[in-house]
Amino acid sequence: MNYYIITGSSRGIGNAIAKQLIKVNNYLVCISRTEDEEIKKLAVANNCKYHFIPFDLYEVDKIDNLIDEIFQHTRLFKKDRLFLINNAGVISPIAPLEKADAQEIKKAVNINYLAPMLLSGGVIMRAKDFSGSKRIINISSGAGLNPYHGWSTYCTTKAALTMLTRCIALEQGNEKNPVEVISITPGIVETNMQEIIRATNSQDFTNVDFFIKNKEENKNKTPEYAAEKIISLMHSSELKSGEFYDFIEL
Ligand SMILES: NC(=O)c1ccc[n+]([C@@H]2O[C@H](COP(=O)([O-])OP(=O)(O)OC[C@H]3O[C@@H](n4cnc5c(N)ncnc54)[C@H](OP(=O)(O)O)[C@@H]3O)[C@@H](O)[C@H]2O)c1
């Protein structure tokens with residue numbers, strides 16, 4: 001059995017990943033605040049095991065309970081494979097730091113960074129004795145490498161996620177049953193997040209015109225295309241733990 005724990009499965013890239021993984025012998029544990037009923041129907045129709053956990057990743061104090069629930073559905077035997085896909089993320093607040101709402105900053109830090117960190121730690125601990133393949137896929141962003149005006153919260157949370165990836169890879173390098181971990185930037189993908197970016201005013205985000213133009217010129221990738229590339233990479237024997245994969249360059 002292949003177990004896939006996917007955060008942010010209700011729409012966008014996470015939704016496309018979940019749908020493409022609906023197959024016999026796969027077990028999807030999907031996490032977001034809302035459920036996409038279509039995933040449930042497709043899972044039944046395709047004889048794929050599926051469990052949805054409604055959870056607000058802002059509530060990091062409850063992540064232990066989330067990990068307990070995930071592992072109630074994850075019984076690992078030697079030939080199984082386990083994947084954690086830390087995909088859920090938010091772009092807001094978009095504004096120069098002094099104008100950004102403090103509560104929105106806290107939300108983004110929890111959802112984009114603290115939740116993936118705690119989830120990764122929990123999965124590493126719970127799967128310590130499992131000798132099969134274990135991989136963590138962190139959906140990061142080019143904004144974690146390069147600063148953008150108005151995106152101080154998003155950039156710093158994604159930079160932290162990318163560094164977390166490198167730290168876990170280093171620590172796991174010494175382990176008997178290591179977890180492999182990578183971070184990925186999927187490029188510009190046409191999702192709700194892009195709609196939020198394009199709706200920002202140029203005082204709060206000076207690069208907004210670039211994103212509007214990219215959409216007008218039909219350059220944005222589809223979530224299905226991004227999901228296909230992510231799935232192919234996460235199953236690849238060429239995967240290098242600790243690496244940051246940039247889909248713009250791949
Ligand atoms: N789209 C792009 O161009 C792009 C580029 C680079 C990186 N990324 C990264 O790719 C990932 C997916 O982004 P996307 O574009 O697919 O975004 P999206 O369409 O806005 O979807 C975000 C997903 O995250 C979930 N989520 C948001 N807040 C949550 C919360 N408090 N608790 C639990 N789940 C929550 C949402 O589910 P609910 O609302 O149901 O909770 C939704 O399923 C993000 O990490 C993003 O930073 C995207």
If the cut-off is a Cα-Cα distance under 16 Å, which aspartates and glutamates reach Lys107, setting aside same-chain residues fewer than 8 apart in sequence? Asp56, Glu59, Asp61
Once you treat every alpha carbon in the chain as an equal point and sum by Debye, what is log10 I(q)/I(0) at q = 0.13, 0.17 Å⁻¹? -0.79, -1.36
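Which whole-number percent gives the relative contact order of the chain, counting Cα pairs below 8 Å spaced six or more residues apart? Walk me through the numbers before you get to the answer.
Values: 462 pairs, mean separation 49.4, N = 250.
Dividing the mean separation by the residue count of the chain yields 20 percent.
As a test of the formula, what do you get for the chain when each DSSP H run with n ≥ 4 contributes -39,500 (n - 2.57) and the sum is divided by the residue count, at 222 nm and rounded to the nearest 500 deg cm²/dmol? Please list the in-between numbers first.
Working: 9 runs with 96 residues, N = 250.
For the chain, the value works out to -11500 deg cm²/dmol.
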Would you please state which residues of region 234-248 a label at Lys23 would reach in this model, taking the label point 7 Å out along Cα→Cβ and a backbone N cut-off of under 19 Å? 234-239
May I ask you to order 240-247, 88-95, 37-44, 130-137 by the average number of other C-beta atoms within 10 Å around their residues, highest value first? 88-95, 130-137, 240-247, 37-44
Work out from phi, with θ = phi - 60° and the Karplus expression 6.51 cos²θ - 1.76 cosθ + 1.60, the ³J(HN,Hα) of each residue of region 107-112, listed in order in whole Hz, and give x for Gly and Pro. 4, 5, 4, 5, 6, 7
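Peptides 109-115, 162-168: what's the order by average Cβ count within 10 Å, highest mean first?
Working: 109-115: 21.6, 162-168: 18.9.
Packing order, densest peptide first, comes out as 109-115, 162-168.
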With a 10 Å radius around each residue's Cβ, average the other Cβ atoms per peptide and rank 68-76, 227-235, 28-36, highest first. 28-36, 227-235, 68-76
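We did not get these values from a lab; they are worked out from the coordinates using the rules stated. Just so it is clear, the structure is predicted and the values come from calculations on it, not from any experiment. So basically every Cβ, Gly included, is an ideal-geometry build from the backbone, and we count neighbours across all protein chains shown.
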